[in-house]
1. Select from the stretch 1-83 those GluC sites (Glu not before Pro) which occupy a DSSP coil region and have at most 11 other Cβ atoms within 10 Å, ordered by residue number.
2. Taking loop as defined by DSSP and a crowding limit of 15 other beta carbons within 10 Å, which chymotrypsin sites (Phe, Trp or Tyr not before Pro) in the stretch 11-59 fit?
3. In the stretch 9-101, which trypsin sites (Lys or Arg not before Pro) are in a loop and have at most 10 other Cβ atoms within 10 Å, using DSSP for the loop call?
4. Local charge sum around residue 51 (other residues, Cβ-Cβ under 15 Å, Lys/Arg +1, Asp/Glu -1)?
5. How much net charge surrounds residue 13 when only the other residues with a Cβ under 14 Å from the Cβ of residue 13 are counted, with Lys and Arg +1 and Asp and Glu -1?
6. For residue 65 paired with residue 10, estimate the spin-label separation in nm (one decimal), with each label point 7 Å from Cα along the Cα-to-Cβ line.
7. Rounded to a whole number, what % of the accessible area of the chain do carbon and sulfur atoms account for, probe 1.4 Å?
8. Count charges around residue 100 for me, please; just the other residues with Cβ under 13 Å from its Cβ, Lys/Arg as +1, Asp/Glu as -1.
Amino acid sequence: KIPIWHVMENNYMYNLPLGEFAKLTHRSMTTFKNDFKKYYKTTPGKWLLEKRLEHAKNLLRSTSKSIGDIAFLSGFENPSHFCRVFKTRFASTPSKYRSGN
C-alpha cells in the first residue's frame with residue numbers, strides 16, 4: 001500500500017473528491033478513512049480544510065497572486081467559499097490578512 005501521508009501531503013492542494021484520494025492510495029473508501037484517522041487523528045475533510053487554509057495563508061503572505069488564484073491553488077473550487085471559510089478560521093478576510101489588518 002502507498003502511505004496515506006505521501007498521497008495527502010503531495011495532493012491536498014488539488015480539488016479532488018475523497019474517493020480520488022482513496023484511489024490514489026489504493027484503498028477502498030472505508031479503509032482509506034480508517035487508515036487516515038489512525039495516522040492523522042482527524043477526519044480527511046477536516047484535515048484537508050485546515051491544510052488548504054494554511055497553504056492559502058502562506059500564499060497570501062508570499063505572493064501577489066489574486067485571491068481567486070490563491071483559492072484555486074489551495075484546492076478551493078469557489079473563491080467566495082474560500083473567503084468565507086478563511087474568515088471563519090482566521091477571523092479575517094484574505095484581503096485583510098494579506099494587508100496585515
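The values are calculated or read from the model by the stated rules, or taken from the named source; none is laboratory data. All figures in this text were calculated on a predicted structure; none of them were measured in a lab. For neighbour counting, all protein chains shown are included, and Cβ atoms are generated from backbone atoms with ideal geometry for every residue, glycine included. We work out accessible area using only protein heavy atoms, side chains counted, and drop any ligands, DNA or RNA first. Shrake-Rupley method; radii C 1.70, N 1.55, O 1.52, S 1.80 Å.
1. 77
2. Details: sites: 12, 14, 21, 32, 36, 39, 40, 47; in loops: 12, 14.
Sparse-neighbourhood loop chymotrypsin sites (Phe, Trp or Tyr not before Pro): 14.
3. On the way: sites: 23, 27, 33, 37, 38, 41, 46, 51, 52, 57, 61, 65, 84, 87, 89, 96, 98; in loops: 27, 41, 65.
Here the trypsin sites (Lys or Arg not before Pro) that fit, given the DSSP loop and packing criteria, are 41.
4. Details: positive: 41, 46, 52, 57, 89; negative: 9, 50, 54.
Once all neighbours under 15 Å are counted, the net charge is +2.
5. Values: positive: 51, 52, 57, 65; negative: 9, 20, 50, 54, 69, 77.
Around residue 13, the charge tally is -2.
6. With each label point 7 Å from Cα toward Cβ, the separation is 2.0 nm.
7. Details: 3340 of 6110 Å².
It is 55 percent, rounded to a whole number.
8. On the way: positive: 57, 61, 96, 98; negative: none.
Summing Lys and Arg as +1 and Asp and Glu as -1 gives +4.
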